[in-house]
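Asks: Structure below; questions to follow.
Please treat every number below as a calculation from the coordinates, not as lab data. From a predicted model like this one, the values you see are computed outputs, not experimental measurements. Don't worry about glycine lacking a Cβ; one is built from the backbone with ideal geometry, like all the others, and counts go over all protein chains shown.
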């Protein structure tokens, strides 16, 4: 039995999406991120990670395997002018950590990071983290790969749960390694045992 979720190198199967219903929901419904965070049953998502200020969760209508959305928990509508420098840097560092976990799990040939939204719908700022699988033809990459007009991946709930769990585990492992490295450099714990031929981890080499 295969492990649920995306498999590196596998081309995703995309199905048509009801774009009219999606647009109506986005323009007339509540803020989908605030509704999700408040526990609204119609806006449930699979959480990947969160801290006091940010949340990462799976896209309900992904166009690429393992696609994640990252948002500040506070309702903010402008990605630049509504965030002071520490808040902006904190958000982008959170985005980067989640993107690294996605790359570890999905092993894409390219990672796309972007923020969209509109004042008429989906105004709460959020970043998309999407990994392009290896082998996708050039003409099907970039905007073609990201547009819901070209279909979405209709993954069963058990696959979504498995992907969220794998991303969370990858994120936790990366964070734990970073903490150990920082503590080692600060002299708070002994360095790990090394043997001839071992290569340092990326965090230790930085």
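Asks: Determine which residues of the stretch 77-118 fall in the zone a paramagnetic label at residue 142 would reach in this model, i.e. backbone nitrogen under 17 Å from the point 7 Å along Cα→Cβ.
Replies: Under cut-off, by backbone N: 109-115.
Asks: For the stretch 19-174, I need the span (max minus min coordinate) of the C-alpha atoms along each principal axis, in Å, sorted largest to smallest.
Replies: 39, 38, 30
Asks: What FRET efficiency do you get for residue 14 and residue 185 if R0 is 45 Å and r is their Cβ-Cβ distance, rounded to the nearest 0.05?
Replies: Computed FRET efficiency for residue 14 and residue 185: 0.50.
Asks: In Å, what Kirkwood hydrodynamic radius results for the stretch 14-106 from the alpha-carbon pair distances?
Replies: 14.6
Asks: Each label point is 7 Å from the Cα along the Cα-to-Cβ direction; what then is the distance between the points at residue 115 and residue 82, in nm?
Replies: 0.9
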